[in-house]
Each structure stands twice: as C-alpha cells, then as structure tokens.
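So the structure is just underneath, and the comments pick up after that.
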Amino acid sequence: MGPFDLSAEIGQIGAWTIYLLVGFAFGFILESAGFGDSRLLAAQFYWRDLTVLKVMFTAILVAAVLIFWSTAIGWLDYDYVWVNPTYLWPGIVGGLIMGVGFIFGGFCPGTSLVGASTLKLDAIWFVAGSAVGILSFGETVALFDDFWHSSNLGRLTLQAWLELPTGMVVFGLVAIGIVVLWVGDIVRRRIYGDSSEH
Amino acid sequence: MTPVSIKHLHGLGATVLLLASAGLVWHGQPTPSEKWGFLAHELEPRLIERQVQIDPAELAELMRNNFIDLQLIDVRDERDWNLFHLWGAQRIPTQDLPAQHKRFAALPDNGVIVLVGNDEARATEAWKLIMATASQPNAYILAGGINRWLAEFAPGHHGRSVLAREQVNDTLRYPVKMAMGSRHPAALPDTHHVKDLSFTSKVKLQKRMVMKGGCG
Amino acid sequence: MLQRPKRDRYWDPYIAGALLGVLLFVTFLLTGHGLGSSGGVNRILVALEDLVVPRHVDTTPYLAGMAGGERSPLDHWIVWQVAGILVGGFLSGWLRGRVRLETRHGPQITPRTRWVMAFIGGIFMGYGARLARGCTSGQALSGGAVLSAGSWAFMLAVFAGGYLLAWFVRRLWQPGGGS
C-alpha cells in the first residue's frame, strides 16, 4: 500500500532517481504545454488564453480523482499523504503577492525554471528576481514571525471544513471545474473571436 | 486530427472524470474496519505471533520509565474502571478511539500506547482500530489484561485460583472488594515487586515513516 | 533573422493537464507528497549562502532549519526534482526547436523593459512563495489535489491578485490599441 519510504525500499540513489524522473516529466509536460512562454502565461489574466486555468484545474482534478480512488480501494494510505498544513492568512497574503508577481513577471517559480531551461532571457531575469525575493524573505521573516506562524489550522481538508464526504467534495469540484472552463471558453471566444486558440 | 475530434475527446474526458468522481460519492472512503482490512495481511501476523502483547511486568517497568511517553488507554466500562484501573491510565471507550487519531498520530518517537482491557479481546479490537486510523503508532496490548495484572500484583494470591477456573470473557473476574480506582496498591506496583519477575521485552520504538512534503 | 513559426504548437491544454494529473497522482502514490519548485530554488540559494556566510545561516532561525550546522539544504527531494524540471523543460524545448536565446514580451514594450519587469515580478514571486509556504506547483497543484483547504484559499488569492492588477499593467502584455 502506498506511499513508500523510497530510500528504505530502493536506496538513496534510487530515491533520487525517482525524484529526477518526476521532475523531468514535470518540466517536459509544462514546456510542451507552453508554460515556458511568459506571454502565454500572462494572457490568462486577460482571459485571452486559458491554457493556465485548463491545465491546472484538469491536473488537480484528475489527480484528486485518482488519489481518492486509490485510498478508497486500499492502494494508498491517506494518513501518510502530505496535506499542506493550512496557515490561512500567510497563505492568502502570500498568494496575493504572488499574483502581483505573476502579472508583472509573467511567470511563477516552476514555469520560470522551464522558461530558463529553454534560454528565455525574461525567465532568467525572473529567476534572478525570485532569488532576491527568497533571500529577502529569509532576512526579514524574523520581523513578522508571529504573523508567519499565525492562523495555523493544521492539516485541514476541504471535506473536514465543509463537513461533507470526500467523494462529494471531489464531485462538486469536478462539476464546477467543467462548468467554469466551458463557460470560460465561450466568454473568451466572444471577446477575442476564434483567432485565439486556447 | 480535425478540431471536431479533439472536442469529442474533451467531452469524453470530462464525462469520464465526472462519472469517476460520482463513483467516489457512491463508494466512499474506507471505514476504520475496511482500513484494517487493507492492513491485515501485514499486521495480523504480529497479533498471531504475540509480538505486540506485553507482559504485565514489562508494562510495570514502562510505567516507571522516564524516557518513554506512555499512553495507557483503558477501553473498559466505567464500572470496571471505578473498581480498579492503572495509575496514569485514561479511559477511552473503543468507539471513541478513531476520533483521537490525530493525537495518536502526532505522538513523539518515544511515544508508546498500551491498550488495556479486562482480558485481551476488547484491547485487541482497539489495537486494530488505532493501527488503522492513526498511522501505525507504537501500540501494544496488555497480555491477560487487568485480570492477569491483578493476579500478579495484587496482595494475596487467592485471585489466581479464581481466574484459573473461569472463562476468559473480558469481564473483571478478579475479586475486587472495594471500588478504589487507581488508589489500589496494584495500580502502580513497587519496583521490588517487579524485579523478581522475568519477561520477554517486546516494546520496540519503531522509527515511523515520516510524512514529508511541502515546498522545502 | 531565423524564420520562426507564426505560432508555437503546444499540446492541447486538457491533454497536458490530464497527463500532469496522472504524474501528480503517481508521485503521491510513490512518495506520499506532490511536486514543488520554489522550495528547491530556495534550498539551492541557501546552500550558496551557506558557503559564503555560514555563521549568518546558523544564527538565522529560518535558514538554520535548512542549513544550520552540518545540515545540507540540498539533501531534500525537491532539489532533485528541480534539477529534473530543468532537464525536462530543456529536452522538450530542444526537440521542438524552442530553445532560443530570446525574450518573450508584449508588443508595446521593449525587451529591456520586459527584463526589468520580470526581475521585479520575480522578487514578488519569491517573497510571496516563501510567505505562503509554497508556489503554484507545491501549494496549488499538490495541495489542491489532496484537498488542503489552505491550498485552495492560496490558489484563489493568486488568481485574485493577478486579475485585480491585470488592467493596470496591460501595457506590458496587450497588443496596442486598448484591450
């Protein structure tokens, strides 16, 4: 039953290989979808190109359905699955700041790596900028340490918060996602005509 | 591929995903006993080979061990609890155990749970439940339960003959004269009482698989 | 000047998304956790910082957690994953002739302006990603897939931030003549 203690099962080198392969597939898929191109990424925020929304939501929901079917039939132990702890306000404030960074910079950390790997100069400048941002955080976090550790709701899942069964939450998200993307596409074509492809 | 085909693929994919998630609603996530079902082949042998049932003497020693974070969980009825229970124990009926899973899962590496019943049947059910719902903490069962504990540590020896005669049915059969809870001298046996007893030490602090993740 | 295709041909977004979803699932199945990026960049930086100013790293709590004393910040799965992303991204681009030293920028601005904006955007991104304890890969994709409430809140905040500001910076991205 997954997950596995990789370094215990296949050794340290084996574990690192798996992570390399996973990263490789991640980078390959992202670049193939166009995520190395800042113009494509930014177009999302003008509703001109919905690739970002489509890829992200599809990925999250396909993964969720697969994950929760695996836990349902005993392939995966949800107790051992890493669920990001919810630090509500640092997450929201950080998210807003990242949104600003996204529309100014045209990338997010993962996609900037993809862009940099194909020698996009703007991506390389972005990575340099994020280095400065990360270092500044390390130096300044002590000033607002209390905030950074605030609103820790722990391992809070949507199903626990909404007090609904897991399956219902997943189904609801899938239904909402399908509607949003379908309608979103119609809106996009209405604004920009059929010349925009995605 | 003409555009029409891609659109059909999208529609098909969306339908499949919707049906699959509807299936999740129907199937549901595993109940604790179903969860045990998945783990049984791995964990049942530990019960059968008696790797997790510890002698009263070993528990008595654990109770005085300052390096172990001992969680004594008594799963008996309130009446039996009031008659006698171990010093430092908490009474948690079996059905309330899954709700405590966060606490048990978050036990430190030196945390040890010992489940206590009158005999072993109820404690074993509780053990299975905890292993299935709390990420397999270091959990053990008191071999022979309270009945055996009292037979070994309570003053006087008349209890042993009583127990030898009667059936094992998870009731408190040791004759307890007054309800003393944990004020009974056997609730925390003296060290000299324990030292003479030999036992096979079974408690091992397993290094549990740590959930690691997150962006660094 | 090299002849460039009028529009780079990228995968269909839904197919790419489905593949990414399968990858995400497989990662969870094998390792119990998802993907990540900003943490990897963070750790590489801290490793460099540890070479230059080790005492500072040891005395700053946030940094010491990763690299204090003998600890190596590179001894973490996410560093290997980030290395993989660079290789994978490069290979995909190379196979399709997309590895070019160039600047993608909106038609109304110059490459130089784009560089400055990318740098500034990067600063915000880097800072925000650490504040939120993750980025779109670690929090949104991975946390979203396992239904972490904080991750979904985070995701909404990122999109909100971007959309709210989009109109004000439209000159960076939009073609001339308005929307």
Problem - Unmet requirement for residue C:113, which otherwise passes all of (1) part of a helix (DSSP H, G or I); (2) facing chain A (nearest Cβ under 7 Å); (3) of a type in the set (Val, Ile, Thr); (4) surrounded by fewer than 23 Cβ atoms within 10 Å (Cβ to Cβ) - result: (2)
Problem - Given (1) farther than 24 Å from residue B:35 by Cα; (2) at pLDDT 90 or above; (3) in contact with a Leu (Cβ under 8 Å, 6 or more places away or on another chain), number of the condition residue B:77 does not satisfy - result: (3)
Fill in the blank from the handout: Subset of segment C:101-133, residues basic (Lys, Arg) and in contact (Cβ under 8 Å) with a residue 60 or more places away in the chain, comes to C:130
Problem - Selection within segment C:116-127 - open to solvent by 10 Å² or more (accessible area, probe 1.4 Å), facing chain A (nearest Cβ under 7 Å) and either of a type in the set (A, V, I, L, M) or part of a loop (DSSP other than H, G, I, E, B) (or both) - result: C:117, C:120, C:123
Problem - Filter result for the condition that a residue is crowded, with 23+ Cβ neighbours inside 10 Å and either of a type outside the set (D, E, K, R) or more than 7 Å from chain C (Cβ to nearest Cβ) (or both), over A:92, A:60, A:73 - result: A:60
Problem - Test: residue in segment C:68-78 that is under 22 Å from residue C:23 (Cα atoms) and either facing chain A (nearest Cβ under 7 Å) or over 18 Å from the mean Cα position of the chain (by Cα) (or both) - result: yes
Practice task
Please give the helices (runs of 4 or more DSSP H) falling wholly within segment A:97-182 in which 2 or more residues are surrounded by 20 or more Cβ atoms within 10 Å (Cβ to Cβ).
Solution key: A:109-117, A:121-140
Practice task
Search segment B:200-211 for residues that are small (Gly, Ala, Ser) and pair each with any residue that is at pLDDT 80 or above and open to solvent by less than 60 Å² (accessible area, probe 1.4 Å) when their beta-carbon atoms are under 7 Å apart and the residues are at least 6 apart or on different chains.
Solution key: B:201/B:58
Exercise for the section: Could you pull out the residue among A:30, A:21 that is at the interface with chain C (Cβ under 7 Å from one of its Cβ atoms) and either surrounded by fewer than 23 Cβ atoms within 10 Å (Cβ to Cβ) or not in a helix (DSSP H, G or I) (or both)? Expected result: A:21
Problem - Count - residues of segment B:178-205 that are surrounded by fewer than 17 Cβ atoms within 10 Å (Cβ to Cβ) and at pLDDT 75 or above - result: 15
Completion exercise
For segment C:128-179, the count of residues that are at pLDDT 90 or above, in a helix (DSSP H, G or I) and within 22 Å of residue C:81 (Cβ to Cβ) equals 15
Practice task
Would you mind finding the one in C:138, C:97, C:89 that is small (Gly, Ala, Ser), within 19 Å of residue C:24 (Cβ to Cβ) and more than 7 Å from chain A (Cβ to nearest Cβ)?
Solution key: C:138
Handout entry: Count - residues of segment B:10-52 that are of a type in the set (A, V, I, L, M), open to solvent by 80 Å² or more (accessible area, probe 1.4 Å) and away from chain A (no Cβ under 11 Å)
Key = 2
Practice task
Determine if segment C:77-97 includes at least one residue that is part of a loop (DSSP other than H, G, I, E, B), more than 24 Å from residue C:175 (Cβ to Cβ), of a type in the set (A, V, I, L, M, F, W, C) and open to solvent by less than 60 Å² (accessible area, probe 1.4 Å).
Solution key: no
Problem - Test result for residue C:141, out of contact with any Pro (no Cβ under 9 Å at 6 or more places or on another chain) and surrounded by fewer than 24 Cβ atoms within 10 Å (Cβ to Cβ) - result: no
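The values are calculated or read from the model by the stated rules, or taken from the named source; none is laboratory data. If you're wondering where the values come from, they're calculated on a predicted model, not measured in any experiment. Reconstructed Cβ throughout: ideal geometry from the backbone, glycine too, with neighbour counts over all protein chains shown. To get the accessible areas, we keep the full protein, side chains included, count just its heavy atoms, and leave off ligands, DNA and RNA. Shrake-Rupley method; radii C 1.70, N 1.55, O 1.52, S 1.80 Å.
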